[in-house]
Structure formats: C-alpha cells, structure tokens
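Engineer: What follows is a single structure, and I will ask about it in a moment.
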Amino acid sequence: MTFISDQVRASGSLIGLAIGDAFGAPLEGSPAPRERITEMLPGGRLPRRKGEVTDDTLQALAVAESLVSCHGFDPGDMMARFVSMFRKSPQWFGPTSSTVFSLVIAGTPFQDASRIAHERLGGSRSNGSVMRGFPVGIFYAPSSVTEVSIACSRLTHYDMAAAHASAFLNQMVSRMCRGRSRDEAFRAAISACRDAGVARLLGNYRACPPEPSLDALPASHAALYCFMHAGSFEEALTDAVNLGGDADTVGACCGALAGACWGAGAIPDRWIRVLEDLPHIGSVARDLAESAEE
C-alpha cells in the first residue's frame, strides 16, 4: 500500500460520515422540521447526546479498522467485528443486520447468514450496508471498488440493488479522494455501475425529489441529490438532515460524499467541536488514508 493522493479528502470522508450521522440522529424517524436545523442537537428516537454518533458510524469504523488491520477486505474479520458490536448494543441495529448477526451468533456460517435473513424477512434492500461501506471507497482504487463494495454489502444485505447502490457511491468517494472532481466522479460512477436500475435512478438524480427512506435506493438517491446540488459541505449536510426520515443514515452518506469532495477542512468547526470521540474517529481516518491504495 502507498499513501493516498489526498489524505485531507480521505479523512474528510470518514469524519464527514460521523458528522452527518450525529447531526441527523435527533431527526431520525421524524417528518422534515418546520424550521431549518443548522446545529447539532440532542434527542431522537433512541435519545442521544449532542454530537453522539449511532451505529452508522460505529459500523463504518469497524469496516475501516478491518481494512487497515487485514490490509484489505477480509469478510470473516469484518463479520466478527460487526457481531462483537451487535452483542454490546443490539438495540441500535436495523432488522436486516440484526437478523444476520443473530444467525451468526446462533452458529450459522457467516457466508450463509445474509441469504437466510433475506429469505426470512422477505427482502434485504435496506440501507445499512450503504451507510457503513464508504471506507471501501476510501481504501480501494476505483478498479477494485465495485467488486469489494458488493462483497462487503452482501455480508448482511443479500439484495443486489443495495450492493450496487453502495458501489455507486463508493466509486464516487474513491475518485474524489484521489483528486477527481465531483462531476468527474459522478460520470465515472455511472459508467462503472453494473445495475441498470441503480444507474438510472442515481444517474438521473435530478428527475425526482429526495426521499429519506430506509430503502437503500431512495436513501442513496437522497444523499446524492443533496450533495450534488450543494455548494459546500455545510449546505449539503444541512439539506440532507433536514429531510427528516432516516436522517442519520442519509446524513452519514451525504457527509461521506461531501467530505471526500471538499475535505476535512471544509467541515464547520462548530460541528467538529461537539462530535463525540473525535480523537478515535480522526485516528481511524488517518490510518485508513495512510493504508489506502493510490
């Protein structure tokens, strides 16, 4: 491995994810607020302190730490980290991931768990694998991103549309972290996308308004829509979390994109100052950037 070409963007992507998660958490499950929220707040569906992250960030950190520790994607190691986290705080996880981790704990081989969960639940197109997958885009060069993103997603989400949505956004992050512009990264992600439905929705993001859904495709679209329409990190993230709905996940996804585009220095200091566990998040971000492929 060699140093990534722009560590400021790489670190900005992971820190931006955490900022978006913490900013959006108090609005999770709520309608869009009547007055625009511009500051970190406490509260939420699962009450949290101001600046406290959710499992969106914790799972992304687990992905990042596994990539660094194993010098690449190791599905067994990554699943072990997810399961350890789930044992400590199962209430934080959505039904898809919870079912997968419970199956693994009960003895199901991790290679089979997502398929069984998909069949048991009648689907797995939720957004949990998209929100956590951005370290794959930071770590891997564009030539490897799609394949690894799909494999990482399918550890818990058997649905291929969720996997390709993750790969699309990760392709953008990979390119922006390596010096490409937002528009260049977007066009390249369309070209690299292997799913016609995902390419159609995300490639024509202007065609419909954003929906902050639990579904992987609308959630990815909402994050992309807010990011592509914005002129700054602050504008992108504020637009994203003020959609309400699954605000922490849409915020996390938008923050990862915006951080990769504008870098860590573009994140408002007033949000950075209240982010809990910033030293650890920053340390993981630096390790990931230093281990990443050119």
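The values are calculated or read from the model by the stated rules, or taken from the named source; none is laboratory data. Nothing here was measured: the structure is a model prediction, and the numbers come from that model. Heads up, the Cβs are rebuilt from the backbone with ideal geometry, glycines too, and the neighbour counts pull from every protein chain shown. We work out accessible area using only protein heavy atoms, side chains counted, and drop any ligands, DNA or RNA first. Shrake-Rupley method; radii C 1.70, N 1.55, O 1.52, S 1.80 Å.
Engineer: Show 237, 214, 46 ordered by accessible area, largest first, where the area counts protein heavy atoms only and the probe is 1.4 Å.
Structural biologist: Working: 237 0, 214 120, 46 55 Å².
Ranked from most to least accessible, the order is 214, 46, 237.
Engineer: I've got another one for you. Could you work out which residue, out of 273, 178, 115, moves most in a Gaussian network model of the chain, that is, has the largest mean-square fluctuation with Cα springs under 10 Å?
Structural biologist: Sorting by GNM fluctuation, first place goes to 273.
Engineer: Same structure, new question: How do the peptides 134-146, 254-266, 69-81, 49-61 rank, highest first, by the average count of neighbouring beta carbon atoms within 10 Å per residue? Mind dumping the intermediate values first?
Structural biologist: Working: 134-146: 24.8, 254-266: 27.5, 69-81: 15.9, 49-61: 23.3.
Highest mean packing first, the order is 254-266, 134-146, 49-61, 69-81.
Engineer: Find the relative contact order for the chain and round it to a whole percent, using C-alpha pairs within less than 8 Å whose residues are 6+ positions apart.
Structural biologist: Working: 634 pairs, mean separation 104.8, N = 294.
Here the relative contact order equals 36 percent.
Engineer: In the P(r) worked out for the chain, what percent of Cα pairs fall beyond 26 Å?
Structural biologist: On the way: 14899 of 43071 pairs.
The share of Cα pairs beyond 26 Å in the chain comes to 35 percent.
Engineer: Okay, helix-only estimate at 222 nm for the chain: each DSSP H run of n ≥ 4 adds -39500 (n - 2.57), divide by all residues, round to 500 deg cm²/dmol; what do you get? Mind showing how you got there, number by number?
Structural biologist: Numbers: 16 runs with 188 residues, N = 294.
Estimated from H runs of four or more residues: -19500 deg cm²/dmol.
Engineer: Using Cα pairs under 8 angstrom and six or more residues apart, how large is the relative contact order of the range 1-137, in percent? Don't skip to the end; give the middle numbers.
Structural biologist: Working: 118 pairs, mean separation 30.6, N = 137.
With pairs under 8 Å counted, the relative contact order is 22 percent.
Engineer: Considering amide H positions built from the backbone, and no H for Pro or chain starts, which residues 5 or more places from residue 245, or on another chain, come under 5 Å of its amide H?
Structural biologist: It is 29, 30, 32, by chain and number.
Engineer: Measuring from centroid to centroid over Cα atoms, what is the spacing of the range 22-56 and the range 126-164 in Å?
Structural biologist: The range 22-56 and the range 126-164 have Cα centres separated by 25 Å.
Engineer: Mind running the shape call on the range 1-93? Use the C-alpha gyration tensor, a ≥ b ≥ c as the square roots of the eigenvalues: rounded below 1.5 for a/c, prolate if a/b tops b/c, oblate otherwise. Could you put the intermediate results ahead of the total?
Structural biologist: Values: a/c = 3.43, a/b = 1.47, b/c = 2.34.
It comes out oblate by the Cα gyration axes.
Engineer: Also, I was wondering about something else. Under the Karplus relation 6.51 cos²θ - 1.76 cosθ + 1.60, θ = phi - 60°, what is the ordered set of whole-Hz ³J(HN,Hα) values for the range 170-183, x standing for Gly and Pro?
Structural biologist: Computed from phi, the couplings for the range 170-183 are 5, 4, 5, 4, 4, 6, 5, 5, 9, x, 7, 6, 4, 5 Hz.
Engineer: Would you mind calculating the relative contact order of the range 158-225 from Cα pairs under 8 angstrom and at least 6 residues apart, reporting the percent as a whole number? Spell out each step's value before the answer.
Structural biologist: Working: 68 pairs, mean separation 22.3, N = 68.
Relative contact order of the range 158-225: 33 percent.
Engineer: Could I ask something else about it? Ignoring ligands, DNA and RNA, what accessible area per residue does the chain give at 1.4 Å, in Å²? Write down the numbers at each step before the final one.
Structural biologist: Details: 11140 Å² over 294 residues.
Averaged over the residues of the chain, the accessible area is 38 Å².
Engineer: While we're looking at this one, here's another question. For the range 13-160, with all protein chains present and a 1.4 Å probe, just round the carbon and sulfur fraction of the accessible area to a whole percent. Before the final figure, lay out the partial values.
Structural biologist: Values: 3040 of 5860 Å².
Using a 1.4 Å probe with all protein chains present, the range 13-160 comes out at 52 percent carbon and sulfur.
Engineer: By the gyration tensor of its Cα atoms, with a ≥ b ≥ c the square roots of the eigenvalues, what is the shape of the range 57-192: rounded for a/c under 1.5, prolate for a/b over b/c, or oblate?
Structural biologist: On the way: a/c = 2.23, a/b = 1.65, b/c = 1.35.
Prolate, because a/c is 1.5 or more and a/b exceeds b/c.
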